[in-house]
Amino acid sequence: LVMYDCDDDGSGIPANPAAVAGYVDGGNYDTLVARFPHAHHFSIATNGTIAADCLDVESGDALIGEVAGWVQARLNAGQYRPCVYASMDNAMPQVKEALAHLARKSYRLWVASWTPNNPPTQVPGGYDGVQWRTMPRFDQSLLLAGFFDPPPPPPPKYPTLTAAQKTALTAVQEDLTGIIRQNGKLTAPEFDQLKLAYQRIGAIPGVK
């Protein structure tokens with residue numbers, strides 16, 4: 001997946017991009033969204049006080065000391081996999097260290113590793129995207145296919161059982177256990193149905 005980022009109105013970006021990134025505090029993000037309505041949109045902040053999809057950590061922008069607090073604030077706000085951008089040869093090692101206490105799957109890393117004469121065929125291991133070249137009016141990145149995947153659906157909600165219901169279900173489960181032990185006296189379909197009922201009851205929270 002190819003993404004283009006810029007700091008102007010995006011008129012220099014190739015037509016029909018798959019993804020575009022712009023700056024919330026630089027003022028061009030909304031312009032890119034309007035210009036490329038069918039692309040994936042990725043917002044960038046340049047300091048740790050601003051909410052965005054990504055925090056830009058480089059000279060003149062966000063500091064290493066802002067990384068952990070910014071990511072945690074985004075997670076606390078319910079944002080799915082906030083991202084941090086930094087250079088492979090400069091700030092990225094410190095970014096990784098600042099986020100080492102968090103599960104890696106909870107955030108994304110977008111690394112700058114410029115190889116303009118050697119387009120990458122894949123994203124470097126351990127990263128979610130690589131910015132590999134800069135042009136007069138945009139930079140170009142290669143992203144993992146799942147970079148813009150939405151959060152997974154929430155786990156199913158189980159009903160709250162009363163103590164009496166738990167006791168009753170446990171009794172049924174014990175009866176099923178006794179019947180299943182009589183496998184030789186049951187037909188194969190009967191045995192399979194009883195075993196499935198046993199497994200379903202066992203999956204109810206609070207029932208052992």
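The values are calculated or read from the model by the stated rules, or taken from the named source; none is laboratory data. All figures in this text were calculated on a predicted structure; none of them were measured in a lab. Every residue, glycine as well, gets a Cβ built from its backbone with ideal geometry; the counts of neighbours run over all protein chains shown. Side chains included, ligands, DNA and RNA excluded: accessible areas come from the protein's heavy atoms. Shrake-Rupley method; radii C 1.70, N 1.55, O 1.52, S 1.80 Å.
I want to confirm something. Restricting to the range 54-72 and keeping residues that are of a type in the set (Val, Ile, Thr) and not in a strand (DSSP E or B), which single residue is farthest from the chain's Cα centre (by Cα)? Full working, then the answer.
Quick first cut of the range 54-72, residues of a type in the set (Val, Ile, Thr) only: 57, 64, 67, 71.
If we keep only those that are not in a strand (DSSP E or B) as well, we get 64, 67, 71.
Numbers: ILE64: 22, VAL67: 17, VAL71: 13 Å.
Out of the qualifying residues, it is ILE64.
Pairing each residue of the range 16-39 that is at positive phi and in contact (Cβ under 8 Å) with a residue 12 or more places away in the chain with any residue that is part of a helix (DSSP H, G or I) and surrounded by 14 or more Cβ atoms within 10 Å (Cβ to Cβ), provided the two are 6+ apart or on different chains, yields no C-beta distance under 6 Å. If you go through the range 112-124 and keep only what is open to solvent by 70 Å² or more (accessible area, probe 1.4 Å) and either of a type in the set (Gly, Ala, Ser) or more than 23 Å from the chain's Cα centre (by Cα) (or both), you end up with TRP114, PRO116, ASN117, ASN118, PRO119.
Scanning the range 170-189 for residues that are in a helix (DSSP H, G or I) and modelled with pLDDT of 70 or more yields THR170, ALA171, VAL172, GLN173, GLU174, ASP175, LEU176, THR177, GLY178, ILE179, ALA188, PRO189.
Go through the range 14-38 and give me each residue that's over 25 Å from LEU63 (Cβ atoms) and in contact with a helix residue (DSSP H, G or I) (Cβ under 8 Å, 6 or more places away or on another chain). Don't jump to the end; show me each part of the working.
Going residue by residue through the range 14-38, those that are over 25 Å from LEU63 (Cβ atoms) are 14-20, 30-38.
Residue satisfying the conditions is VAL20 alone.
Look at (1) surrounded by fewer than 18 Cβ atoms within 10 Å (Cβ to Cβ); (2) closer than 22 Å to ALA19 by Cβ and you find that ALA62 fails only one, number (1).
Counting only residues that are assigned to a strand (DSSP E or B) and among the basic types (Lys, Arg), the range 73-126 holds 1 of them. The residue list ILE44, ILE13 contains one member that is closer than 19 Å to GLN131 by Cβ and over 20 Å from the mean Cα position of the chain (by Cα), which is ILE13.
Considering every residue within the range 16-30, establish whether at least one is part of a strand (DSSP E or B), closer than 25 Å to ALA145 by Cβ, open to solvent by 60 Å² or more (accessible area, probe 1.4 Å) and in contact with a strand residue (DSSP E or B) (Cβ under 6 Å, 6 or more places away or on another chain). No, the range 16-30 contains no residue that is part of a strand (DSSP E or B), closer than 25 Å to ALA145 by Cβ, open to solvent by 60 Å² or more (accessible area, probe 1.4 Å) and in contact with a strand residue (DSSP E or B) (Cβ under 6 Å, 6 or more places away or on another chain).
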